[in-house]
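Visitor: Dropping a structure here in structure tokens format, bear with me for questions.
What follows draws every value from the coordinates through simple rules; no lab data is involved. This is a predicted model, so every value here is computed, not measured. No Cβ is skipped: glycine too gets one built from the backbone with ideal geometry, and neighbour counts run over all protein chains shown.
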Amino acid sequence: MEDLNQIEVRSLSSTGEGVGHKEGLAIFIDGALPLELVAADLYLKKKNYAKANLVSILKPSRDRVKPPCPYFERCGGCQVMHLDYRAQLKLKTERVIEAMKRIAKIKDPEVHPCVPSPDSLGYRNKIQLPSVKHEGSIAFGLYAKHSHDVVPVEACLIHNILGETLFKAIQDKMREFSIQPYDSKTKKGVLRHLLIKSAITTKSALVVFIVSKANTEEIKNLAKALHKEYPAIKGDR
């Protein structure tokens, strides 16, 4: 790896990486924010760009905040939870202005400020989680950044309250019914992924089990038990 002792971050990429420049090369740094001075380790170098791991923050942004999610550093589900929400809104507005200028070729576009959501957390109505074996039983998680490694999670802060209630219930039922996650190496186990889609307005949800084989009796029994105990579940597949 090549050490980058001081990189001034100027912007964020569309995937939430901090972007700085050194000797005419755009450098993308996970975890870095605009207006920060950072040290990084280069791990990928191409003709026009490079990628680096954040080593230390020499001068933090005033918009840097402590992420409320305990999984943020490892999980790849969120990209900018370490950026103040007001700064996120400003960034989105700037992204629209930039697109209008660069793509639509509008010299001076009129773009209103991004309207904040009443809820900065708990807004997502869909979540898909691969299953893994963790501490002797089934668990669900999200993929780590730039990886297919699964980070087990007990809850997701941006998932809405109905979906989270069902997620907790499904986790408990999975363990009660001894459902095993599918292991691609051993070709054993049943459940590959869990998908929950929930609608707060109608208070209804769809639960989808992605399984390794058809006509799985344990999954059918699980679905029946969930239907019986949780009327919000209107369908399962």
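Visitor: At q = 0.09, 0.10, 0.14, 0.16 Å⁻¹, what is the base-10 log of I(q)/I(0) for the chain according to the Debye formula with one equal point scatterer per Cα and no solvent? Please give it to two decimals.
Guide: Each listed q maps to, in turn, -0.52, -0.63, -1.00, -1.13.
Visitor: Would you work out if segment 36-136 is rounded, prolate or oblate? Take a ≥ b ≥ c from the square roots of the eigenvalues of the alpha-carbon gyration tensor; rounded if a/c is under 1.5, else prolate when a/b is larger than b/c, oblate otherwise.
Guide: It is oblate, given that a/c is not under 1.5 and a/b is not larger than b/c.
Visitor: Now for a different question. In deg cm²/dmol, rounded to 500, what helix-only [θ] at 222 nm does the chain give when every DSSP H run of at least 4 residues adds -39500 (n - 2.57) and the total is split over its residues?
Guide: -6500 deg cm²/dmol
Visitor: If each of Lys234 and Leu37 carries a label point 7 Å out from its Cα toward its Cβ, how far apart are those two points in nm?
Guide: 5.7 nm
Visitor: Express in whole angstrom the spacing between the alpha-carbon centres of segment 72-88 and segment 216-233.
Guide: 34 Å
Visitor: Here is a further query. Need the full-extension length gain, Thr93 to Lys66, defined as separation in residues times 0.36 nm minus the C-alpha distance. One decimal, nm.
Guide: 7.4 nm
Visitor: In this model, which of Lys107/Lys145; Lys90/Lys203; Lys66/Lys92; Lys90/Lys133 are farther than 30 Å apart at the alpha-carbon? Don't skip to the answer; put the middle values down first.
Guide: Details: Lys107/Lys145 36 Å; Lys90/Lys203 33 Å; Lys66/Lys92 20 Å; Lys90/Lys133 41 Å.
Beyond 30 Å between Cα atoms: Lys107/Lys145; Lys90/Lys203; Lys90/Lys133.
Visitor: Give the calculated FRET efficiency between Leu206 and Cys78 to the nearest 0.05, with a Förster radius of 22 Å applied to their Cβ-Cβ distance.
Guide: 0.40
Visitor: OK, next. With label points built 7 Å along Cα→Cβ from the Cα atoms of Lys126 and Cys114, find their separation and express it in nm.
Guide: Distance between the two pseudo-spin positions: 2.1 nm.
Visitor: Over what distance in Å are the Cα centres of segment 10-36 and segment 131-184 separated?
Guide: With segment 10-36 and segment 131-184 each reduced to a Cα centre, they are spaced 32 Å.
Visitor: Working from the pairwise distances between different alpha carbons, so that the mean of 1/r is found and then inverted, what is segment 148-217's Kirkwood radius in Å? It would help to have the intermediate numbers written out before the result.
Guide: Details: mean 1/r = 0.0738 Å⁻¹.
After inverting the mean inverse Cα-Cα distance, the result is 13.5 Å.
Visitor: From the phi of every residue in segment 134-139, what ³J(HN,Hα) in whole Hz does the Karplus formula 6.51 cos²θ - 1.76 cosθ + 1.60 yield, where θ is phi - 60° and glycine or proline is x?
Guide: 9, 6, x, 9, 6, 9
Visitor: While we're on this one: Taking the 0 to 90 degree range and rounding to the nearest ten, how far is the long axis of helix 217-229 tilted relative to the main principal axis of the chain, both from C-alpha atoms?
Guide: Its long axis makes an angle of about 90 degrees.
Visitor: Computed FRET efficiency, Cβ-Cβ of Lys185 and His134, R0 22 Å: what is it to the nearest 0.05?
Guide: Efficiency, rounded to the nearest 0.05: 0.90.
Visitor: Given a Förster radius of 30 Å and the C-beta distance between Lys107 and Thr15 as r, what FRET efficiency does 1/(1 + (r/R0)^6) yield to the nearest 0.05? Mind dumping the intermediate values first?
Guide: Working: r = 28 Å, r/R0 = 0.93.
About 0.60, to the nearest 0.05.
Visitor: How much net charge surrounds Gly20 when only the other residues with a Cβ under 12 Å from the Cβ of Gly20 are counted, with Lys and Arg +1 and Asp and Glu -1? Show your work: numbers first, answer last.
Guide: Numbers: positive: Arg10, Lys22, Lys51; negative: Glu8, Glu17, Glu23, Glu36.
Summing Lys/Arg as +1 and Asp/Glu as -1 gives -1.
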